[in-house]
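Peer 1: Please read through the structure below; I'll follow up with questions.
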Amino acid sequence: MDYAERTQRATDNGLGDLLAAPTKNQISFAGGLPDPKLFPQQELSVAFAAAMANSTGDQFQYSDAQGFRPLREQLARLLQRDGVRATADTIAMTQGAQQALDLIARLYINPGDTIVVEAPTYPGAISAFDTYEPHYEGVPVQSDGMDMVALRRVLTERRVKLIYTVPDFQNPTGTVMSLNKRRTLLALAREFDVMIIEDAPYRWLRYNGINLPTLSELDQSDRVIFVDSMSKVLAPGLRVGWVHADAEIIKDLVALKTGADLESSTLTLRGVSQYLADNDLDAHIAALRHNYAQKRDAMVAGLRAEMPGTAIISAPQGGFFVWLELPTTINTDVLAREYKDELALVPGSMTYPLHDHHNGLRLAFTHASIDDIKTGCQRLGRAVRQAMANTVTIRNDAQAH
Ligand SMILES: Cc1ncc(COP(=O)(O)O)c(C=O)c1O
């Protein structure tokens, strides 16, 4: 039997491969995986044991589709420190940020509706949105975030419903949207009556410089739906994410969540709540920042040593990814395929909504050890030099004929 047409774009997204553990001889720069050595395993074990031991048995019962209220209160306090006007009522818990993206898309997108995404953008967002059959407009990402001139042009030419952005340490480029652009984006959204999804899972992972206010904090007209997650700062296996928005929108998202999975695991939410009550999350994040900053430095240095002068290498101030742009003669889909036994890579084509750019690479530096990062950069250097030599040979052959 044929599958529904809407699934055709969504079923072949390659995301599962990205999250796979590296094979024996492979070094992975592919998935946005945290360093497993940095999971607070002991503290999480103690917190989950305490959550399990609750004598009422509520931890094993159906609970609240919006998610365990004490955890929402704790998260609201964390977000308030960041200037976000969150309360327990404006937060809904989701299975990771990924489910929040799916539910928001389900709430807003009719087939053919125009949505704006950054180009390039997070591949998982493309696959969440694909199911709802939007028309994509990709707006280029510059070193200080989305190109606002291009965005205005799109908004003038088409009726846009949603703008999806990762303003802090963008996936995949690592860029941060400047304060000016944050203000411009909100003004444009207001002028053209568009909703914004602010996806912020890397926001707490800044390695140098100081954080800018969130779009949610700057927003004066309830246009921002803020999405966040414990995946990058605690552990992705928890599948704990949340969405903060106007309480009416939250109510409707919770209704959709009920249809999708009734509710998140109450046991997990209680375990995370217990962890937050008993531990210093800031101290844990400070340790992550210290460690990941060193890995970021190792990758940027490794790439600078190995890549041709024509390559563009980003130097992110936080997050998980370095973005590499190679000469257009190099096709990174081919490169990733040919070298997959020794290096796991995300070709840039996966990060463009129409998969039509072929010379970028997203390189995650958080999972591999520093030694593996160095070796991986050397392997990548060899691969790129070989690919460049091949294109010269092909060109010379073509001229000879
Ligand atoms: C920008 C962005 N949004 C959402 C997610 C999904 O995160 P979660 O594990 O919370 O579902 C990721 C994971 O890589 C991401 O990079």
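Peer 1: Can you list residue pairs whose Cβ atoms sit under 8 Å apart, with the first residue in region 373-390 being in a helix (DSSP H, G or I) and the second being modelled with pLDDT of 95 or more and open to solvent by 70 Å² or more (accessible area, probe 1.4 Å)? Count only pairs 6 or more apart in sequence or on different chains.
Peer 2: Cβ pairs passing all conditions: CYS377/ALA305; GLY381/ALA305.
Peer 1: Would you say ASP113 is in contact (Cβ under 8 Å) with a residue 24 or more places away in the chain, more than 16 Å from the ligand (Cβ to nearest atom) and either open to solvent by less than 10 Å² (accessible area, probe 1.4 Å) or assigned by TED's automatic domain parsing to the domain that holds SER221 (or both)? Spell out the reasoning first.
Peer 2: Values: in contact (Cβ under 8 Å) with a residue 24 or more places away in the chain: yes; more than 16 Å from the ligand (Cβ to nearest atom): yes; either open to solvent by less than 10 Å² (accessible area, probe 1.4 Å) or assigned by TED's automatic domain parsing to the domain that holds SER221 (or both): yes.
Answer is yes for this residue.
Peer 1: Being modelled with pLDDT of 95 or more and within 11 Å of the ligand (Cβ to nearest atom), is that true of even one residue in region 212-228?
Peer 2: Here is the first cut: in region 212-228, the residues modelled with pLDDT of 95 or more are 212-219, 223-228.
If we keep only those that are within 11 Å of the ligand (Cβ to nearest atom) as well, we get 227-228.
Yes, that holds for at least one residue.
Peer 1: Of GLN59, GLN42, GLN66, which residue is more than 21 Å from THR214 (Cα to Cα), open to solvent by less than 10 Å² (accessible area, probe 1.4 Å) and more than 16 Å from the ligand (Cβ to nearest atom)?
Peer 2: On the way: GLN42 fails: open to solvent by less than 10 Å² (accessible area, probe 1.4 Å); GLN66 fails: open to solvent by less than 10 Å² (accessible area, probe 1.4 Å).
Residue meeting the stated conditions: GLN59.
Peer 1: Within region 170-187, does at least one residue satisfy the condition of being within 12 Å of the ligand (Cβ to nearest atom) and out of contact with any Pro (no Cβ under 9 Å at 6 or more places or on another chain)?
Peer 2: So the first thing to find is which residues in region 170-187 are within 12 Å of the ligand (Cβ to nearest atom), and the list is 170-174.
Imposing the further condition that a residue be out of contact with any Pro (no Cβ under 9 Å at 6 or more places or on another chain) reduces the set to none.
So far as region 170-187 goes, no, none of its residues is within 12 Å of the ligand (Cβ to nearest atom) and out of contact with any Pro (no Cβ under 9 Å at 6 or more places or on another chain).
Peer 1: Restricting the search to region 225-251, which residues are within 24 Å of the chain's Cα centre (by Cα) and part of a helix (DSSP H, G or I)? Outline the logic, then answer.
Peer 2: Applying the first criterion (within 24 Å of the chain's Cα centre (by Cα)) to region 225-251 yields 225-246, 249-250.
If the condition is that a residue be within 24 Å of the chain's Cα centre (by Cα) and part of a helix (DSSP H, G or I), then PRO236, GLY237, LEU238, ILE249, ILE250 are the ones that fit.
Peer 1: Restricting to region 252-266, and then to whatever is open to solvent by 40 Å² or more (accessible area, probe 1.4 Å) and either within 12 Å of the ligand (Cβ to nearest atom) or assigned to a helix (DSSP H, G or I) (or both), can you tell me which residue is farthest from TRP204 (Cα to Cα)?
Peer 2: Per the criteria, the residue is GLY259.
Peer 1: Ok, one more. Looking only at residues in region 288-299 that are out of contact with any Leu (no Cβ under 7 Å at 6 or more places or on another chain) and surrounded by fewer than 19 Cβ atoms within 10 Å (Cβ to Cβ), which one is farthest from GLY348 (Cα to Cα)? Outline the logic, then answer.
Peer 2: Residues of region 288-299 out of contact with any Leu (no Cβ under 7 Å at 6 or more places or on another chain): 290, 293-298.
Those left that are additionally surrounded by fewer than 19 Cβ atoms within 10 Å (Cβ to Cβ): 290, 293-294, 297.
Values: HIS290: 28, ALA293: 23, GLN294: 25, ASP297: 22 Å.
For region 288-299, the residue satisfying everything is HIS290.
The values are calculated or read from the model by the stated rules, or taken from the named source; none is laboratory data. Remember, it's a predicted structure, so these values are computed and weren't measured experimentally. Backbone-built Cβ (ideal geometry, glycine too); neighbour counts: all protein chains shown. Keep in mind that these areas ignore ligands, DNA and RNA; they rest on the heavy atoms of the full protein, side chains included. Shrake-Rupley method; radii C 1.70, N 1.55, O 1.52, S 1.80 Å.
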